[in-house]
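Have a look at the structure below before the remarks.
The values are calculated or read from the model by the stated rules, or taken from the named source; none is laboratory data. Values in this document were obtained by computation on a predicted structure and should not be read as measured data. Because the Cβ atoms are built from the backbone with ideal geometry, glycine has one as well, and the counts that use them run over all protein chains shown. The accessibility values were calculated without ligands, DNA or RNA, using every heavy atom of the protein model including side chains. Shrake-Rupley method; radii C 1.70, N 1.55, O 1.52, S 1.80 Å.
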Amino acid sequence: MVITDLVMPGMTGLDVLRQVMHIDPTIDVLLMTAHYTTETAVEAIRSGAADYLQKPVKIADLRERVRRLLEAAEKRRLAGSAGDNESDVRFEGLVAKSEAMWSLFAMVEKIAPHFRSLLLQGPTGSGKDLVAQALHQRSGVKGRFVVLNCSAVVETLFESELFGHVRGAFTGADRDKVGLFQLADGGTLFLDEIGDMPLNTQAKLLRVIQNQEVMPVGSLTPKRVNVRIIAATHRNLRQAVQEGRFREDLYYRLSMVELTLPPLAVRKEDIALLAVIFLRKFAKDFGKPIEGISQRALRILERYSWPGNVRELEHVIGRACMLADKTTIDVDDLPASIIDACSEVLVSASEPGTSVLENQERVVMERVLRESNWNQSEAARKLGIGRDALRYKMKKHGLNPGSAISS
């Protein structure tokens, strides 16, 4: 690790940073300055600085920053060797090291054999489909895992898709059709983005869940089914209930068991691990001899807020592998939008002693609190932390509904 001032005689801290990155890009460089400018902050992050602090810096804060950088370096080292012990980081197709995700996996293990209906919440791209598959796999049922993306179904066809129809039930129904409930009989039906389901279909879905029988469109004969329901959404269903867009009785029926996936931005320790695993996948798919990711590129990935979550990270690594002409993915292989976004976070950390990483934590927490209408219980679930931890961080960052909030 190198800790250097920015303004020095003969050679600037940025010169030192560039020389160190040339010699060994795995070294962490921490820049400190009393002469903060936007330009040098942006240049520092583009050049691979591990952190950028404005003076005066308390020695205790500096020691804490060094400790965190050492921990992060160790996690990256372990992530780089994940292929040697992937059973330690994998759970039914999901990959994680973070405590938040392994707590979720433990819940999946406990409830999978027993649930009848379940609500799975989390931001878009966080892996709700994989958690749903894990629940099905660990449930022990022998039937199929059947998926319906509610946001992709035309409103007039919902009932036919779910419950089936008989010949002549409506114009164009020239043959009997088996619905997804019958197809999933003895197994699991995954209703993705259930918040987009029409109200009239919600009422009929509730009756099916309660009675475990379906009535195909145009038929007078009900059919018995034995189906477990996993409903997933990125929406705030409580708010949708208050606004009359989602049935309250269906919400409570589904949410007797409720699981929430945390966003990738609050489980930074998973980013390097996922990036390495995606890299290996795409390097093989594209037939390229790509062996790893530079430390400075990993720092950029760890600083980014990932609004698209794991899916966005996968796409970024796939793009980098496609474009890379070296054996190591570097900063130049990452999208300019991600580098610019990280630079903006670093630029905003302009208060004395402020850490780039701490400032990003504040940005992510602000966004989640605003999305949750400042409901602390809901925000804590989305972030994958306890309410006490949320309150501590809100106090630490001065976050409240009346505070000045960055966009």
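Details
- Output for segment 178-199, where each listed residue is open to solvent by 60 Å² or more (accessible area, probe 1.4 Å) and assigned to a helix (DSSP H, G or I): L183, L199
- Output for segment 70-84, where each listed residue is at pLDDT 70 or above and surrounded by 15 or more Cβ atoms within 10 Å (Cβ to Cβ): A72, A73
- Some residue of segment 169-177 being in contact with a His (Cβ under 9 Å, 6 or more places away or on another chain), open to solvent by less than 70 Å² (accessible area, probe 1.4 Å) and among the acidic types (D, E): no
- The single condition from (1) in a helix (DSSP H, G or I); (2) without any contact (Cβ under 8 Å) to a residue 60 or more places away in the chain; (3) of a type outside the set (D, E, K, R); (4) surrounded by 12 or more Cβ atoms within 10 Å (Cβ to Cβ) that M32 fails is (1).
- When I317, I300, I290 are checked against the criterion of being touching a helix residue (DSSP H, G or I) at 6+ places or on another chain (Cβ under 8 Å), part of a loop (DSSP other than H, G, I, E, B) and buried (at least 16 other Cβ atoms within 10 Å of the Cβ), I290 stands alone in meeting it.
- Residue tally, condition farther than 17 Å from V20 by Cα and either open to solvent by 40 Å² or more (accessible area, probe 1.4 Å) or among the hydrophobic types (A, V, I, L, M, F, W, C) (or both), over segment 35-69: 21
- Single condition R207 does not satisfy, out of (1) in a loop (DSSP other than H, G, I, E, B); (2) without any contact (Cβ under 8 Å) to a residue 12 or more places away in the chain; (3) not hydroxyl-bearing (S, T, Y): (1)
Each row is one residue, and each column tells you yes or no for (1) assigned to a loop (DSSP other than H, G, I, E, B); (2) farther than 30 Å from V208 by Cα; (3) in contact (Cβ under 8 Å) with a residue 60 or more places away in the chain.
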site	(1), (2), (3)
V241	no, no, no
G244	yes, no, no
I277	no, yes, yes
R280	no, yes, yes
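- Applying a threshold of 7 Å to beta carbon distances and a minimum spacing of six or more residues, or different chains, the list of pairs starting in segment 5-27 at a residue that is on the phi < 0 side of the Ramachandran plot and ending at one that is exposed (fewer than 11 other Cβ atoms within 10 Å of the Cβ) reads L6/H35; V7/H35.
- Search result, residues across segment 16-29 that are open to solvent by 60 Å² or more (accessible area, probe 1.4 Å) and not in a loop (DSSP other than H, G, I, E, B): R18, Q19, H22, I23
- Hits in segment 37-56 (condition: within 33 Å of the chain's Cα centre (by Cα) and either assigned to a helix (DSSP H, G or I) or farther than 20 Å from Q295 by Cβ (or both)): T37, T38, E39, T40, A41, V42, E43, A44, I45, R46, S47, Q54
- For E248, the test of being without any contact (Cβ under 8 Å) to a residue 12 or more places away in the chain and closer than 27 Å to R381 by Cβ is passed.
- Residue in segment 273-286 that is aromatic (F, W, Y), open to solvent by less than 10 Å² (accessible area, probe 1.4 Å) and over 25 Å from M1 (Cβ atoms) present: no
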